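Please treat every number below as a calculation from the coordinates, not as lab data. Please read all numbers here as calculations on a predicted model, not as lab measurements. Note that we place each Cβ from the backbone using ideal geometry, even for glycine, and neighbour counts take in every protein chain shown.
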Amino acid sequence: MPARSKRGILERLKSGPVLGAEGYVFELERRGYIKAGPYVPEVVLDAPDALRELHREFLRAGADVMVALTYYAHRGKLKDVGRENDLEAMNRQAVRIANEVAREGDALVAGDICNTWAYDPKNKDASSRVVRAMYEEQLSWAVEEGIDFVIAETNDYLGEALIALEVIKGLKLPAMVTLASTRPHQTWDGYDYVDACKILADHGADIVGMNCDRGPATMLPIIEQVRSRVSGYVAMQPVPYKTEAAMPTFESLKTADGTNVFPIALEPFLCTRFEMADYARRAQALGVNYIGICCGGSPHYVRAIAEALGRTVPSSKYSPAIELHPVIGTRVEEKEKEFLVDWKG
Ligand SMILES: [Zn+2]
């Protein structure tokens, strides 16, 4: 098993916020290594250097955790794209690559499991067995390759999240369990998000909260309530999109003419790096312990979040210095001042 960091996730959380960075699938889709639609992380086997590079960019931007790209690398999804035979190789390689890059800095490695699409609350016993087997096989490979803790994410159902939690606790690893949030107030099996987080914490989840689906504006109010109900560690990893009360999730975002933009025409709704920095400051002020980003995330946001939390990270070397810009900087030559007429209107 590879040597890993001496300071584990719980120790780090105790001394201050931990910075997460996700959105691997969306970012690698944009870069041409994952197919939108199935969103299976085929990049792990097909273009491992592309995955290494993105891990490295997140690491340079200040991420404390390299999340193994095993999101959707489960039996059900691999079957959809005819790669069931690659299941074990894909899972093992994803964890190996996360470890390789984590060791270039001082990052932790998280195993990752997610919603399986196999869970059915109406057929709870039988579907739970299928889900449990999927989590057990993915995490047994992850543990053999070396992980520090496990993130179970984008859980639509509390019932499915509890299965993930049991499997993780069975491995004696710290568990971070976060809920997805496409419905206004409740999980798909009918639990208020805040209650569901409390139940997860009461069942032994070390970190609870939400990830994906919502942008900062519509996730923060829920997390504020979670923070007030849960005494343990709280996580939030929103998507960097301008969701609002009328369109609380990125799945519900529409352009003025009513066209849905999810998942591959979301750009008009992207937050700026300043908005994501602002979110990080608010999350920190609320007492959120694990502050991150989900689908749509990319390294410049992570750096902005890291710097908002008061850190200087490797890629801060190239953080903006707009004062040095030849036209809108602080020392503009007389001959360039003409540009400003057009630039500033
Ligand atoms: Zn996401």
Checklist entry - So which residue, out of MET90, MET134, MET176, gets the largest mean-square fluctuation from a GNM of the chain using Cα contacts under 10 Å as springs? => result MET134
Item to check | Neighbour net charge for VAL81 - beta-carbon separation under 10 angstrom, K R +1, D E -1 | outcome: 0
Checklist entry - Restricting to the range 9-312, what percent of DSSP beta bridges are antiparallel, rounded to 5? => result 15
Checklist outcome for this item: Taking HIS74, HIS55 and counting other beta carbon atoms within 10 angstrom, the fewest-first order is HIS74, HIS55
Checklist entry - Mean residue ellipticity at 222 nm from the helices of the chain, using -39,500 (n - 2.57) per DSSP H segment of n ≥ 4 over the full residue count, to the nearest 500 deg cm²/dmol? => result -12500 deg cm²/dmol
Checklist entry - Which far-off residues, 5 or more places away or on another chain, put their amide H under 5 Å from the one on ASN211, with H placed in the peptide plane? => result THR154, LEU179, ALA180, GLN237
Item to check | Gyration tensor (alpha-carbon) shape descriptor, the range 276-345, a/c threshold 1.5 | outcome: prolate
Next on the checklist: Using a Gaussian network model on the chain with a 10 Å cutoff between Cα atoms, which of GLN225, GLN93, GLN186 fluctuates the most?
Outcome noted: GLN225
Next on the checklist: Using only Cα atoms and rounding to the nearest 10 degrees, what angle (0 to 90) does helix 158-170 make with the longest principal axis of the chain?
Outcome noted: 80
Item to check | Net +/- balance of residues flanking GLU323 in space, Cβ distance below 15 Å, scoring K and R +1, D and E -1 | outcome: -1
Checklist entry - To the nearest µm²/s, what D does Stokes-Einstein give for the range 175-282 at 10 °C and 1.306 mPa s, using the Kirkwood radius over alpha carbon pairs as Rh? => result 111
Checklist entry - If you build a Gaussian network model of the chain, linking Cα atoms that sit under 10 Å apart, which residue out of ALA304, ALA36, ALA246 swings the most? => result ALA246
Checklist outcome for this item: Under the rule rounded for a/c under 1.5, else prolate if a/b exceeds b/c, else oblate, using alpha carbon gyration tensor axes a ≥ b ≥ c, the range 224-331 is classed as oblate
Next on the checklist: Neighbour counts of other C-beta atoms within 10 Å: give me LYS77, LYS6 arranged from fewest to most.
Outcome noted: LYS6, LYS77
Checklist entry - Dipole of the chain, Cα-centred, from +1 at each Lys and Arg C-beta and -1 at each Asp and Glu C-beta, to the nearest 20 debye? => result 640
Checklist outcome for this item: Of 48-54, 207-213, ordering from highest average Cβ density within 10 Å down gives 207-213, 48-54
Checklist entry - In which sequence would LEU59, LEU10 go, from the one with the fewest C-beta neighbours within 10 Å to the one with the most? => result LEU10, LEU59
Item to check | Percentage, to the nearest whole number, of Cα pairs in the chain over 25 Å apart | outcome: 51
